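What follows is a single structure, written as structure tokens, with notes after it.
The values are calculated or read from the model by the stated rules, or taken from the named source; none is laboratory data. Keep in mind that what you see is a predicted model, and the values were worked out from it rather than measured. Heads up, the Cβs are rebuilt from the backbone with ideal geometry, glycines too, and the neighbour counts pull from every protein chain shown. Surface areas here come from the heavy atoms of the whole protein model, side chains and all, with no ligands, DNA or RNA. Shrake-Rupley method; radii C 1.70, N 1.55, O 1.52, S 1.80 Å.
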Amino acid sequence: MIQEFLQSTLPLDSSVTLKRSEIDPDSELAAVRSEAFEIVSDAGETVGFVKAWEEDPSFRGYVHFDSDGNVVDWKVFSRRAQG
């Protein structure tokens, strides 16, 4: 679900793909699901990284890093309940 979320919200060039990476779960954030991805070019070169999290479908976000580990973009998405 996180990968689909990223594919629909992360502005990526069509010449790159997301490749899931292994990350250590944070025990303090047990209710939060997180995943990490490498951004891989068609040539097989890692050109960036993304760490994404989801507490539930209405509260999630990501941090996009370049290949040197610098933050490129950081977004949080929250849908507030109507009422």
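Of note:
- When residues of region 9-28 are limited to those that are open to solvent by less than 90 Å² (accessible area, probe 1.4 Å) and farther than 17 Å from Asp68 by Cβ, the one modelled with the lowest pLDDT: Asp26
- Selection within region 47-73 - hydrophobic (A, V, I, L, M, F, W, C) and within 14 Å of Leu12 (Cα to Cα): Val47, Phe49, Val50, Val63, Phe65, Val72
- First in region 53-70 and in contact (Cβ under 8 Å) with a residue 40 or more places away in the chain and of a type outside the set (A, V, I, L, M), second anywhere and in a loop (DSSP other than H, G, I, E, B) and open to solvent by less than 30 Å² (accessible area, probe 1.4 Å), Cβ under 7 Å, 6 or more apart: Tyr62/Leu10; His64/Leu10
- Members of region 48-80 that are loosely packed, with under 13 Cβ neighbours inside 10 Å, small (Gly, Ala, Ser) and part of a strand (DSSP E or B): Ser78
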